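Some notes on the structure that comes next.
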Amino acid sequence: MICPFCKDKDTSVIDSRATEDGTAIRRRRVSACCNQRFTTFERVQFREITIIKKNGRKSPFDRDKLTRSVMISLRKRPVDVDTIEKFVSKIYRNLEDLGQNEVLSTTIGKFVMDGLKEIDPVAYIRFASVYTNFKEVKDFEEFVDKLDVPKKK
């Protein structure tokens with residue numbers, strides 16, 4: 001494994017353990033060159049999943065891209081990193097459970113929307129604003145009015 005700090009190839013594993021949900025191995029590593037520590041994750045990949053975008057283009061599924069998208073929605077929200085990691089793992093398992101090599105991007109969007117609705121309503125609205133392409137303030141109003149969230153007076 002290459003050290004992300006000094007780019008040296010000589011790194012050692014100092015600790016390994018399964019993640020809480022058991023879907024990955026978390027490894028703590030140290031660089032022999034700069035002595036910096038970093039964490040890597042090892043996951044099982046059953047098949048290559050290809051995402052079919054709304055415009056018909058195809059691209060390989062990118063777990064990191066999904067994680068970044070979810071993190072943007074949850075920015076400055078009271079949700080810990082472990083919850084986010086479990087959420088992304090659950091979405092990935094759902095995709096694997098479909099048993100398909102090609103998945104519509106709208107399917108992933110639905111999985112994310114359903115999960116964020118349970119995790120954090122503000123993140124849910126943030127994600128929805130991009131995912132459903134809100135154009136005007138009234139789009140937000142209509143979306144929020146459909147939510148089953150009590151409004152403050």
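Here, each number is a calculation from the coordinates, and none is a lab measurement. Because the structure is a prediction, the values reported are computed rather than measured. FYI the Cβ positions are ideal-geometry reconstructions off the backbone, even for glycines, and counts take in every protein chain you see.
Residues Val103, Val13, Val70 in ascending order of nearby Cβ atoms (within 10 Å, fewest first): Val13, Val103, Val70. Remark: relative contact order (the chain) = 15 percent; criterion is Cα-Cα distance under 8 angstrom and separation of 6 or more residues. Couplings for segment 56-70, taken from phi via the Karplus curve 6.51 cos²θ - 1.76 cosθ + 1.60 with θ = phi - 60°, read x, 5, 10, 8, x, 4, 10, 4, 5, 5, 4, 4, 4, 4, 5 Hz in order; Gly and Pro are left as x. Mean-square fluctuations from a GNM of the chain, with a 10 angstrom spring cutoff on Cα atoms, peak among Lys58, Lys76, Lys90 at Lys76. Pairs with C-alpha atoms separated by more than 21 Å, drawn from the list Lys58/Lys146; Lys86/Lys110; Lys86/Lys135; Lys65/Lys90; Lys54/Lys135, are Lys58/Lys146; Lys86/Lys135.
Look at where the Cα atoms of segment 1-45 and of segment 74-153 average out, and the two centres are 30 Å apart.
Axis of helix 121-131 versus longest Cα principal axis of the chain: the two differ by about 90°, to the nearest ten degrees.
Considering only Val88, Ser73, Ile14, and ranking their Cα positions along the charge dipole of the chain that arises from unit charges at the beta-carbon of Lys, Arg, Asp and Glu, the one farthest toward the positive end is Ser73.
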